[in-house]
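No lab work stands behind these numbers, since they all come straight from the coordinates. Predicted model only: the values in this text are computed from it and were never measured. For neighbour counting, all protein chains shown are included, and Cβ atoms are generated from backbone atoms with ideal geometry for every residue, glycine included.
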Amino acid sequence: MSNCRFCNIKEGIQYEADTAFAILDKYPVTKYHTLIIPKRHVESYFELADVEHMDCINLINVIKVVLCKLDDTITGFNVGANVGKDAGQTVFHCHIHLIPRRKNDTENPGGGIRRVISKRGDWKKI
């Protein structure tokens, strides 16, 4: 699509597969926060073809290994995709976040991805 910011990326590609590529996030949550983006314009993770899913997963795995070698302070990762406006998607071209985590980067990492809705991360109280 001509007006899609992810369809028009020409520079800054860190890793590439046949149907997907990866760039550093322009607004990173942590250092080395990476976006894995299918080359074909689709809005949702659920619209990806099998080969696109596999290329994205393979890129996530490759990047994880590279980042752990590059930065020995990385002790974990969050991996996720926002699908739909109500889930927080703001760029409507599918992309997957790979967010490196480090010991003590937040006071209480418990609940992890569950914390996307305030006060719902403590699953023990739900």
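Is it the case that region 6-18 has a residue that's surrounded by fewer than 16 Cβ atoms within 10 Å (Cβ to Cβ), more than 12 Å from the chain's Cα centre (by Cα) and on the phi > 0 side of the Ramachandran plot?
Within region 6-18, one or more residues are surrounded by fewer than 16 Cβ atoms within 10 Å (Cβ to Cβ), more than 12 Å from the chain's Cα centre (by Cα) and on the phi > 0 side of the Ramachandran plot.
Looking at 73, 19 in this structure, which one is farther than 29 Å from residue 106 by Cβ and in contact with a Lys or Arg (Cβ under 6 Å, 6 or more places away or on another chain)?
The match here is 19.
For region 20-91, list the strands (runs of 3 or more DSSP E) that sit wholly inside it and hold at least 1 residues that are within 18 Å of residue 8 (Cα to Cα); which are they?
Answer list for region 20-91: 20-24, 34-38.
Could you list, in sequence order, the residues of region 25-36 that are surrounded by 14 or more Cβ atoms within 10 Å (Cβ to Cβ) and either more than 29 Å from residue 104 (Cα to Cα) or touching a strand residue (DSSP E or B) at 6+ places or on another chain (Cβ under 6 Å) (or both)?
Answer for region 25-36, where residues must be surrounded by 14 or more Cβ atoms within 10 Å (Cβ to Cβ) and either more than 29 Å from residue 104 (Cα to Cα) or touching a strand residue (DSSP E or B) at 6+ places or on another chain (Cβ under 6 Å) (or both): 25, 30, 32, 33, 34, 35, 36.
Are any of the residues in region 29-36 among the hydrophobic types (A, V, I, L, M, F, W, C) and in contact with a helix residue (DSSP H, G or I) (Cβ under 9 Å, 6 or more places away or on another chain)?
yes
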